[in-house]
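The values are calculated or read from the model by the stated rules, or taken from the named source; none is laboratory data. Since the model is a prediction, treat every value here as computed from it, not as a measurement. Positions of Cβ are backbone-derived with ideal geometry, glycine not excepted, and every protein chain shown enters the neighbour counts. These accessible areas exclude ligands, DNA and RNA; they are computed on the full protein's heavy atoms, side chains included. Shrake-Rupley method; radii C 1.70, N 1.55, O 1.52, S 1.80 Å.
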Amino acid sequence: MSVSLGSDQKLVTSGFSQWWQRLAYHHKWTESLLYVMFFSGLLLWDTVGVDWQLARWTLLVHMLVGATLFTIIVGAFWAAHRRLITSSNKPFLRQTGTVIEWLLIACCLSGFYLFFYGNPGNALGLFIQDVHFYSSWLLAPLVFRHAMRWSVLNLNKFRRQ
């Protein structure tokens, strides 16, 4: 009986390892969510001037998706993909991956601060809002460039040759 439990445990561990390894290369959900968060954040920008009726729903969706789906999906992808930062033979991908990692940390931490505390209008709140805003402005195009060949926004792969 212990032999079958041991082999079952190996199958589960092996299956999880294979799934985790595949997850490191399956970026479509992660990349799509990042762009959704970026564009919904753009709608919240004062310069865009979206009507409050739309902005309040956009803010709610931005916050809920950011605190749940984005955290889970991007977190799992990042954790699985992280080993590629050190093991890749391509210096550009290693460098941009490292910068993306730091920008994600800055954007997520500032986003969680804003989620729980908001921007009360003091210097710290304005600083954290700026960190969140500007890190996203750097993050979205860098992710696109990092994954350009495989990007969900790469329309060249849909053209007929």
Could you identify the single residue in Asp51, Asp46 that is among the acidic types (Asp, Glu) and closer than 15 Å to Phe133 by Cβ? Asp46
Among (1) modelled with pLDDT of 90 or more; (2) in contact with a Lys or Arg (Cβ under 7 Å, 6 or more places away or on another chain), Ile85 falls short only on (1)
Working only within region 36-64, note down all residues that are of a type in the set (A, V, I, L, M) and under 17 Å from Tyr113 (Cβ atoms). Met37, Leu44, Leu59, Met63, Leu64
Residue count, region 77-94 (criterion: surrounded by fewer than 16 Cβ atoms within 10 Å (Cβ to Cβ) and part of a helix (DSSP H, G or I)): 9
Just to be sure, is Ile100 open to solvent by less than 70 Å² (accessible area, probe 1.4 Å) and within 11 Å of the chain's Cα centre (by Cα)? yes
Starting from residues that are in a loop (DSSP other than H, G, I, E, B) and open to solvent by less than 80 Å² (accessible area, probe 1.4 Å), keep the ones in region 116-152 and report whichever is nearest to Leu33 (Cα to Cα). Val152
Residues of region 41-80 being over 12 Å from the mean Cα position of the chain (by Cα) and touching a residue at least 12 places away in the same chain (Cβ under 8 Å), which ones? Gly41, Leu43, Leu44, Trp45, Ala55, Thr58, Leu59, Val61, His62, Met63, Ala80
I want to confirm something. Restricting to region 131-152 and keeping residues that are among the aliphatic types (A, V, I, L, M) and closer than 22 Å to Lys90 by Cα, which single residue is modelled with the lowest pLDDT? Val152
Quick one: would you say Val48 is open to solvent by less than 40 Å² (accessible area, probe 1.4 Å) and among the aliphatic types (A, V, I, L, M)? no
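Just name the residue that is modelled with the highest pLDDT out of those in region 1-47 that are assigned to a helix (DSSP H, G or I) and β-branched (Val, Ile, Thr).
The extreme case among them is Val36.
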